[in-house]
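Enquirer: The structure's right below; bear with me while I get my questions together.
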Amino acid sequence: MKGLKNYRYGSYWFLRKPSKRPEFLNLETCLAGAGGLQDTPYGRNKYEAYLDWLQEDDVRQKSLNFDKMSKGWVLGTKSFKQDLLKDEKQMSAAIKLGANEAREARELAWELRLKACLKYLRKLRRM
């Protein structure tokens with residue numbers, strides 16, 4: 001962990017130094033994935049404890065907790081998820097998924113398709 005704290009070219013360094021983060025670097029997803037943590041001093045300290053925990057050797061214990069952390073089809077903002085679905089293959093795969101956690105992906109995929117259809121219809125009206 002000590003080496004990670006001082007490694008200047010990784011996102012963890014920026015996590016510990018929020019005032020030096022570039023605008024494009026959003027660390028909310030990694031914090032949320034580690035237990036719904038916020039980007040606060042408390043949340044960052046808890047994230048450090050989480051990384052320490054990941055280095056433990058008890059594989060069975062970790063796998064149980066990883067199962068608890070996995071939810072949804074992808075972590076991120078609504079716009080991030082929609083950007084993923086703009087790829088036709090991703091959208092088709094999301095629509096075909098049957099699990100409950102894939103519901104959001106399917107809804108976003110259909111929302112994008114509906115928007116595309118409405119945009120097309122508006123163009124037809126203007127002709």
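The values are calculated or read from the model by the stated rules, or taken from the named source; none is laboratory data. Since the structure is predicted, the reported quantities are computational estimates derived from the model, not experimental observations. Please note: Cβ atoms are built from the backbone with ideal geometry, for glycine as well, and neighbour counts cover all protein chains shown.
Enquirer: Let me confirm something: among A102, A116, A109, which residue is surrounded by 10 or more Cβ atoms within 10 Å (Cβ to Cβ) and either among the acidic types (D, E) or at pLDDT below 70 (or both)?
Expert: Answer to the check: A102.
Enquirer: Just the residues that are buried (at least 18 other Cβ atoms within 10 Å of the Cβ) and either small (G, A, S) or touching a Ser or Thr at 6+ places or on another chain (Cβ under 9 Å) (or both), please, taken from the range 32-48.
Expert: Correct list: A34, G43.
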